[in-house]
Amino acid sequence: MNRKKPGFCSLNFLFLPFLFVFFFANTFFCQGQISIIKKNLSEKGFENLLVNSFEKRVVVAYENRVFRFELEAIKEIIDLVVPLISDAEELTLIPLNRKIPIILLTLKTAEYEKFKKGEIDAESFVNSLDITNDVDIQFNKLNQKEEENSSNFKFDLVINPSIKYQLGAFNKPFRGYFSLDPDLRSGFWKGMQIKYEEVIPLFNEFGTRDDSVHTGSVTLNQTFRLPNNLFLSSTLGVFTNDRYGFDLEFKKYFMNGDISFGGNFGFTSYISFSGLNRILYNDKFIFTGNLNSEYRIQKYDLTLGLSMGKYLLDDNTIRFDINREFGEIEIGFFAMRSFGGISNGGVILTVPLFPSKYWNPSTIRPRITETYTLSYLVTADLKDQIGKRYNSGNRINSFIKKLNPGFIKRSLLKILQTNTD
């Protein structure tokens, strides 16, 4: 009589209770880690947290509205999370803006531990990072329903200093203007932002029109991230340069963010606020728009831009931009030539404003704006003001928050080297 020998299935059956206990304990431990990570990041002020583990990888999606510079936020999160996931081989970070993912950064926890112990230098650690714009697959694995510390219905009261000046007039070599322009902004769902701004003049040599407190920009924006690194931004409201109406922008990124093609189109008319009770406006709308492309030279954090379009003074103009980033500081030069034979150009300087870290977001939080941009035009004569455009306050380049993979590596390297010196 032949007897069957116990097989693999029989052994599995015998050890099933032990496997169940092991699996339950492991799952409970992972969930415990995730809860601790969320708790620690929430206490530091990070919002819209989504955390999960997949095999030997922990994925953290977060929104930073605490640090002025996104690279400081990345370093803070790495320092907070890596010690909590010693059993994981990789940590993946997904920075968000208005709950929309921007990039994906993956580090090996062993490499980070070697760096902290001094076994490798900061450059070796940074070179081991994997940073990509292709974030959709990993982000879609996260359970959106488990979001913690939501940014919805939290308001920022942002103080924006504004400076205008004019040089070179014979009868008055310098004219200046200074105001504080507080705005209240918030978001109620993914990709949405509403903003209302008041202009408070403090010093004005440009005439009586801007002497009184009046409404500034008032906008409702909805931004989308579509598949294949395509961003779309639509804005309705009152913009700069006394325009109101509708603005639409799209931008598609290639080569891990180093090349982009896009367009910006507006349907706007004139509006002016004189004090609190008087509004002057026109219901004759005009169409403006441009197509543009940018190429980023990673080695120098240098961006070359070319655009062509129809602008507010009905001119068809080509514009060339060259912009270089030195960490948070940017300096740019631009040159324009209209089809009518008029040329102009200028320089743009963007600097960060103190402080570098804000209070944790709350129901209403006052803070200063992150940066200030000062521009100078070679000639300000009306007949030479080609390429004149409004700003909706929702440009996609600003929405990205400097989170270009190449820029992240160089900036993070400088931060780590500074902190270890």
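Structure values in brief
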quantity	calculated
Strands (runs of 3 or more DSSP E) enclosed by segment 315-377 - at least 1 residues per element that are over 24 Å from Lys195 (Cα atoms) and touching an Asp or Glu at 6+ places or on another chain (Cβ under 8 Å)	316-326, 329-338, 343-352
Meets criteria (outside any strand (DSSP E or B) and in contact with a Ser or Thr (Cβ under 8 Å, 6 or more places away or on another chain)) for Lys299	no
Checking Ser53 against (1) modelled with pLDDT of 95 or more; (2) of a type outside the set (D, E, K, R); (3) in a strand (DSSP E or B), the condition it does not meet	(1)
Meets criteria (in a helix (DSSP H, G or I) and either farther than 24 Å from Tyr253 by Cβ or not assigned by TED's automatic domain parsing to the domain that holds Met255 (or both)) for Thr418	yes
Number of the exception - Ser269 against (1) of a type in the set (Gly, Ala, Ser); (2) at pLDDT 95 or above; (3) farther than 30 Å from Arg185 by Cα	(3)
Of the criteria (1) surrounded by 17 or more Cβ atoms within 10 Å (Cβ to Cβ); (2) without any contact (Cβ under 8 Å) to a residue 60 or more places away in the chain; (3) not aliphatic (A, V, I, L, M), which one Ser375 fails	(1)
Qualifying residue in segment 105-116 (condition: under 26 Å from Gly406 (Cα atoms) and part of a loop (DSSP other than H, G, I, E, B))	no
Identity of the residue in segment 393-410, small (Gly, Ala, Ser) and under 30 Å from Glu197 (Cβ atoms), that ends up surrounded by the fewest Cβ atoms within 10 Å (Cβ to Cβ)	Ser398
Close pairs (9 angstrom Cβ cut-off, 6 or more residues apart or separate chains): without any contact (Cβ under 8 Å) to a residue 24 or more places away in the chain in segment 192-221, among the polar types (S, T, N, Q) and surrounded by 14 or more Cβ atoms within 10 Å (Cβ to Cβ) anywhere	Tyr196/Thr215; Tyr196/Ser217; Tyr196/Thr219; Glu198/Thr215; Ile200/Ser179; Asp211/Asn204
Checklist (1) surrounded by 17 or more Cβ atoms within 10 Å (Cβ to Cβ); (2) over 21 Å from the mean Cα position of the chain (by Cα); (3) at pLDDT 95 or above applied to Pro101, failing item	(2)
Given (1) among the hydrophobic types (A, V, I, L, M, F, W, C); (2) in a strand (DSSP E or B); (3) exposed (fewer than 14 other Cβ atoms within 10 Å of the Cβ), number of the condition Trp189 does not satisfy	(2)
Residue satisfying all of: in segment 298-331; more than 21 Å from Gly263 (Cα to Cα), of a type outside the set (Lys, Arg) and surrounded by fewer than 13 Cβ atoms within 10 Å (Cβ to Cβ); farthest from the chain's Cα centre (by Cα) among these	Tyr300
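Residue-by-condition table, conditions (1) under 19 Å from Ile318 (Cα atoms); (2) of a type outside the set (A, V, I, L, M, F, W, C); (3) modelled with pLDDT of 95 or more:
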position: Leu230; (1), (2), (3): no, no, yes
position: Phe246; (1), (2), (3): no, no, yes
position: Ile279; (1), (2), (3): no, no, no
position: Tyr295; (1), (2), (3): yes, yes, yes
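The values are calculated or read from the model by the stated rules, or taken from the named source; none is laboratory data. Worth saying up front: this structure is predicted, and the values here are computed from it rather than measured. Methodologically, a virtual Cβ is constructed for each residue, glycine included, from the backbone with ideal geometry; neighbour enumeration extends over all protein chains shown.
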